[in-house]
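Just below is one structure, and these are the notes that go with it.
Here, each number is a calculation from the coordinates, and none is a lab measurement. In this text the structure is predicted, and so the values were computed from the model without any measurement. Cβ sites come from the backbone with ideal geometry, for glycine too, and all protein chains shown count toward neighbours.
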Amino acid sequence: MSKIFDITDTIKYIGVDDKELDLFENQYVLKNGMSYNSYLIDDEKIVIMDTVDKRKTDKWLNNLREALNGRRPDYLVISHLEPDHSGSIGNLLKNYPEIKIISNEKVFNMLPQFIGENIENKKVIVKEGDIFNTGKHELQFIMAPMVHWPEVMMTYDKNEKILFSADAFGKFGTLDVKEDWIDEARRYYINIVGKYGMQVQTVLKKASNLNIKTICSLHGPILKDNLEYYINLYDIWSKYECEENGTLIVCGSLHGNTLDAGKKLKEMLEETGENVKLVDISRESIPDVIPLAFKYSKMIVACATYNMSIFPAINSFLNLLKEKNYQNRKIGIIENGSWAPNAANCIKNIFSQMKDIEILEPIVTVKTKLNEESYNKLNELKENLIRV
Ligand SMILES: Cc1cc2nc3c(=O)[nH]c(=O)nc-3n(C[C@H](O)[C@H](O)[C@H](O)COP(=O)(O)O)c2cc1C
Ligand SMILES: [Fe+2]
Ligand SMILES: [Fe+2]
């Protein structure tokens, strides 16, 4: 897509799709590229809502020129300074040196690091609750620190009832791709903002006082219908609640025996009608597995002992989970070892540093391969899992 289109009579989409980018933030695999959204409020004063990544400056400036149709913009609102949105500010200022910038104090404190030029005479500083009149539109500013950086601010257009939500409610994927919102939005949210559930809750409470008809995020589609669906998922994710009752089995296995034990448990659980998903951590990008752990109510970690510690990918996975504030879940452990199994101790130690984690009994120890004794333990674990 990447073409301009009308959202309302006075608000245009002027963002761009990036189909060439393979890794967002150089770490999240993009299956279908990424959109950098930007909007134009076409009022007595013409206001641009954020710029785009420098990878797409030229395309974006073309979109802007087309939307302006010979006129010049009066203001740029900056909601967030991460380079996927601030990357074209410098070029915008070169093209329209008279433009004024509306943003909060934190943005202005950091802005010189991003654009390296003096903008003292351009500043319009706003704070929580301030209203800026552009003619027919009244823009109200809502601070959203840590959703996703400290300076983030949302803007509510009181007339159109649009929330310009910064990164919130965004997803991976270009605008022209046809895919459900939920999986790519979850993967985006949990990885990018997951750690800051409390701050997201604060913003959701503020947003609940607004009459919102449309959400314009900085990534992904414009959300118009059934907004409760999206807001409810953000509420669940930011409260660290699960979306589905079910079990994720994550296996870290060198020679395949631990993976076999994980698959056996999956089979046993499925026979009881449990909702189960199994991943071999070596075959996945770790940031793709993290959101699945948040999705389900229970998780089994099956891991080989590795130099008295745990399989390195499982170590990275668990530490990343801790960093994302993973909590409030029920966990089962299957360890494997041929001479001195120690994986369970290491796994328990990492989970002990997370909040409200319940380790289910029994911990299953496999000595190289499942045998009668370890199979019986696995069966006990299955029984306990389906009970919670
Ligand atoms: C590099 C390496 C280090 C290992 N370190 C230990 C260890 O410290 N303690 C132990 O009991 N087994 C250790 N093992 C053995 C494996 O944990 C054991 O063979 C296990 O059954 C492997 O499961 P898998 O088939 O899922 O890879 C190690 C294996 C490898 C390859
Ligand atoms: Fe961001
Ligand atoms: Fe972003």
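The slack between Glu98 and Asp225, meaning 0.36 nm per residue of separation minus the straight C-alpha distance, is 42.0 nm. First measure r as the distance between the Cβ atoms of Val388 and Asn319, then evaluate 1/(1 + (r/R0)^6) with R0 = 30 Å and state the FRET efficiency to the nearest 0.05. Rounded to the nearest 0.05, the efficiency is 0.75.
Note on the chain: antiparallel DSSP beta bridges, both residues inside, total approximately 45 percent of the bridges counted. Taking a ≥ b ≥ c as the square roots of the eigenvalues of the Cα gyration tensor, an a/c ratio of 1.5 or more together with a/b no larger than b/c marks segment 114-168 as oblate. Under the rule a/c < 1.5 gives rounded, and otherwise a/b versus b/c splits prolate from oblate, where does segment 5-238 land using the Cα gyration tensor? Because its axes are fairly even, with a/c under 1.5, segment 5-238 counts as rounded.
Gap in Å between the Cα centre of segment 162-219 and the Cα centre of segment 315-354? Value for the Cα centre distance between the two parts: 30 Å. Comparing mean-square fluctuations of Ala304, Ala144, Ala207 from a GNM of the chain with C-alpha springs under 10 Å, the top value falls on Ala207.
Normalised by the number of residues in segment 247-383, the average gap of Cα pairs under 8 Å and 6 or more apart makes the relative contact order 25 percent.
Along the axis of the charge dipole computed for the chain (Cβ charges of +1 for Lys and Arg, -1 for Asp and Glu, origin at the Cα centre), the listed residues Gly129, Leu204, Phe114 are led at the positive end by Phe114. The phi-based Karplus calculation (6.51 cos²θ - 1.76 cosθ + 1.60; θ = phi - 60°) puts the 3J(HN,Hα) values of segment 27-43 at 8, 9, 5, 9, 7, 9, x, 8, 10, 10, 8, 8, 9, 10, 9, 9, 10 Hz, whole numbers, x for Gly and Pro. Annotation note: GluC sites (Glu not before Pro) in segment 165-244 located in DSSP loop regions with a Cβ neighbour count of at most 10 within 10 Å are absent. Between the helical axis of 227-238 and the dominant principal axis of the chain, each derived from Cα atoms, what acute angle in degrees is found, rounded to the nearest 10? In the chain, helix 227-238 runs at an angle near 50 degrees to the longest axis.
Could you state the angle between the C-alpha long axis of helix 257-271 and the longest principal axis of the C-alpha atoms of the chain, as a value from 0 to 90 degrees rounded to the nearest 10? Compared with the principal axis, the helix lies near 80 degrees.
Based on C-alpha pairs under 8 angstrom that are at least 6 apart in sequence, segment 155-249 has a relative contact order of 35 percent.
With axes computed from alpha carbons, what is the tilt in degrees of helix 57-68 against the longest principal axis of the chain, rounded to the nearest 10 within 0 to 90? The angle comes out near 50 degrees.
For the listed residue pairs Lys100/Lys161; Lys3/Lys239; Lys31/Lys382; Lys31/Lys295, the alpha carbons are over 29 angstrom apart in Lys3/Lys239; Lys31/Lys382. Beyond 29 Å in Cα-Cα separation lie the following of the pairs Lys277/Lys377; Lys94/Lys324; Lys122/Lys324: Lys94/Lys324; Lys122/Lys324. Taking other residues whose beta carbon is less than 13 angstrom from the beta carbon of Lys367, and scoring Lys, Arg as +1 and Asp, Glu as -1, yields -1. Per residue, the average separation of C-alpha pairs within less than 8 Å and at least 6 apart gives the chain a relative contact order of 11 percent. By the rule of a C-alpha distance below 17 Å, with chain neighbours fewer than 8 residues away ignored, the aspartates and glutamates paired with Lys224 are Asp6, Asp9, Asp157, Glu160, Asp167, Asp176, Glu179, Asp180. For segment 5-238, a crude dipole built from +1 on the beta carbon of Lys and Arg and -1 on the beta carbon of Asp and Glu, taken about the Cα centre, is about 260 debye to the nearest 20. Can you bin segment 236-388 into rounded, prolate or oblate? Criterion: square roots of the alpha carbon gyration tensor eigenvalues sorted a ≥ b ≥ c, rounded for a/c under 1.5, prolate for a/b above b/c, oblate for the rest. Since a/c reaches 1.5 but b/c is at least a/b, the shape of segment 236-388 is classed as oblate.
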